[in-house]
Amino acid sequence: MKERRLGRSALSVSEICLGTMTFGSMADEAESHAILDRAFDAGVNFLDVAEIYPVPPNTRWAGASEEIVGRWLRDKKRDAVFVATKIAGPGGGWFQTPVRGGHTGLDRHSVERALDASLQRLGTDYVDLYQTHWPDRLLPIEEQMEALDRAVQAGKVRVLGCSNESAYGLTRSLWASSVRGFARHETIQNNFSLINRRFEDALSEVCREERVSLLPYSPLAGGVLSGKYQSEPWPDGARFTFYREHDARTKFMTERFVNARSLESTARLAAIAADAGLSVVTLAIAWTLTHPFVGSTIIGATRSAQLDDVLAAADTTLPADVLAQCDRVTREIPYPLG
């Protein structure tokens with residue numbers, strides 16, 4: 001498993017990162033640990049968690065993903081695993097954390113409280129990467145970065161990052177850190193896949209010029225690119241099957257990801273992958289890794305068997321003609337996710 005440096009930091013992590021947002025909801029603890037073991041044995045040393053995980057956010061299981069990961073970490077050398085987690089921020093109803101109750105911000109009090117609680121659930125005294133899950137546009141960015149910088153200075157956080165951020169927000173935070181001498185965001189975690197290439201519109205330029213690493217989440221577009229939603233009935237246990245059955249709040253996400261344009265794009269990309277002798281899953285993950293601004297691609301699973309095609313991407317080099325065919329699909333069906 002190759003490694004890549006995150007931003008301008010000293011952290012070099014596996015180019016595939018294991019996301020854990022199903023741990024405790026769609027995957028029980030035994031299966032979650034099996035997934036962690038399978039990924040770790042394959043060289044994945046980078047884990048992504050969040051205080052609101054698992055999803056969909058629910059008071060019944062809030063914080064369970066961190067607890068499950070924490071119990072798995074007990075018999076590991078701490079320095080052998082890079083752990084990222086997130087403070088929720090105020091990003092609307094879906095991101096309001098049931099861990100700490102309702103609306104939350106990114107002020108000093110919220111950061112200190114959220115971080116200490118995450119450290120306790122993870123069973124560690126520091127996290128390698130601490131990210132804001134959603135921006136706070138009402139609170140001055142200088143106050144946010146100062147609160148995060150205090151966590152770095154206290155030794156509880158090694159590197160900072162943001163998520164679901166815009167080119168404006170990322171640039172503002174970098175400016176504030178530069179002017180005030182605070183630790184800066186070295187990473188940005190945004191949605192990026194073969195059927196959601198909006199990151200290339202503006203944010204990729206910021207990342208290249210400022211040396212900030214993208215951590216793409218949902219590189220399979222919530223599993224859509226696997227082809228599992230191409231026809232009804234959707235498979236039991238799949239993410240959008242689970243969302244549709246368990247949480248009406250996620251209807252907007254299901255309809256955004258599973259639509260006529262995304263399914264047509266997936267069908268075309270699956271044909272390209274088949275012609276290249278690849279699974280479409282391997283194609284989709286390997287495609288994200290062709291971008292120099294990508295630090296590590298975040299993948300997820302509800303069963304350890306799902307990791308085979310994902311992990312194969314680490315050893316896959318996509319030929320120029322395959323990349324050109326993928327670009328053609330993008331030109332003919334732009335912005336399938338809206």
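The values are calculated or read from the model by the stated rules, or taken from the named source; none is laboratory data. As the structure is a prediction and not an experimental result, all values here were calculated from the model. Every residue, glycine among them, receives a Cβ derived from its backbone with ideal geometry; neighbour counts consider all protein chains shown.
Suppose we filter A267, A314, A271 for residues that are out of contact with any helix residue (DSSP H, G or I) (no Cβ under 6 Å at 6 or more places or on another chain), without any contact (Cβ under 8 Å) to a residue 12 or more places away in the chain and assigned to a helix (DSSP H, G or I); which single one remains?
Values: A267 fails: without any contact (Cβ under 8 Å) to a residue 12 or more places away in the chain; A314 fails: without any contact (Cβ under 8 Å) to a residue 12 or more places away in the chain.
Being out of contact with any helix residue (DSSP H, G or I) (no Cβ under 6 Å at 6 or more places or on another chain), without any contact (Cβ under 8 Å) to a residue 12 or more places away in the chain and assigned to a helix (DSSP H, G or I) holds for just one of A267, A314, A271, which is A271.
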Open item on the list: Of the residues P235, P319, only one is at pLDDT below 95 and surrounded by fewer than 20 Cβ atoms within 10 Å (Cβ to Cβ); which?
Closed with: P235
Task: Failed criterion for L18 (all others in (1) under 20 Å from A284 (Cα atoms); (2) touching a Ser or Thr at 6+ places or on another chain (Cβ under 9 Å) hold) - done: (2)
TODO: Determine if the stretch 250-257 includes at least one residue that is part of a helix (DSSP H, G or I), in contact with a helix residue (DSSP H, G or I) (Cβ under 9 Å, 6 or more places away or on another chain), farther than 18 Å from L18 by Cα and hydroxyl-bearing (S, T, Y).
DONE: yes
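Working only within the stretch 180-190, note down all residues that are out of contact with any strand residue (DSSP E or B) (no Cβ under 6 Å at 6 or more places or on another chain) and touching a residue at least 24 places away in the same chain (Cβ under 8 Å).
R180, F182, R184, N190
Quickly run through the stretch 227-252 and pick out the residues that are of a type outside the set (K, R) and touching a Pro at 6+ places or on another chain (Cβ under 9 Å).
Residues satisfying the conditions are Y229, T241, F242, Y243, H246, D247, T250.
Would you call R150 over 27 Å from T282 (Cα atoms), in a strand (DSSP E or B) and not acidic (D, E)? Talk me through it step by step, then tell me what you get.
Numbers: over 27 Å from T282 (Cα atoms): yes; in a strand (DSSP E or B): no; not acidic (D, E): yes.
Judged against the criteria, R150 is not a match.
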TODO: Within the stretch 153-170, count every residue that is within 18 Å of E210 (Cβ to Cβ) and either among the small types (G, A, S) or surrounded by fewer than 18 Cβ atoms within 10 Å (Cβ to Cβ) (or both).
DONE: 6
Open item on the list: Quick check on E245: is it under 25 Å from S304 (Cβ atoms) and either over 21 Å from the mean Cα position of the chain (by Cα) or of a type in the set (D, E) (or both)?
Closed with: yes
Task: Members of the stretch 293-305 found to be touching a residue at least 40 places away in the same chain (Cβ under 8 Å) and in a helix (DSSP H, G or I), listed by number - done: S304
Open item on the list: Within the stretch 305-316, take every residue that is under 23 Å from A50 (Cβ atoms) and at pLDDT 95 or above and give me the one that is surrounded by the most Cβ atoms within 10 Å (Cβ to Cβ).
Closed with: V310
Open item on the list: A221 - would you say it is of a type outside the set (F, W, Y), in contact with a helix residue (DSSP H, G or I) (Cβ under 7 Å, 6 or more places away or on another chain), surrounded by fewer than 19 Cβ atoms within 10 Å (Cβ to Cβ) and under 30 Å from Y168 (Cα atoms)?
Closed with: no
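Can you find even one residue in the stretch 205-214 that is modelled with pLDDT under 95, out of contact with any Ser or Thr (no Cβ under 8 Å at 6 or more places or on another chain), within 30 Å of T282 (Cα to Cα) and charged (D, E, K, R)? Walk me through it before giving the result.
Filtering the stretch 205-214 for residues modelled with pLDDT under 95 gives none.
Looking through the stretch 205-214, none of the residues is modelled with pLDDT under 95, out of contact with any Ser or Thr (no Cβ under 8 Å at 6 or more places or on another chain), within 30 Å of T282 (Cα to Cα) and charged (D, E, K, R).
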Task: Qualifying residue in the stretch 199-213 (condition: of a type outside the set (A, V, I, L, M, F, W, C), touching a residue at least 24 places away in the same chain (Cβ under 8 Å) and touching a strand residue (DSSP E or B) at 6+ places or on another chain (Cβ under 6 Å)) - done: yes
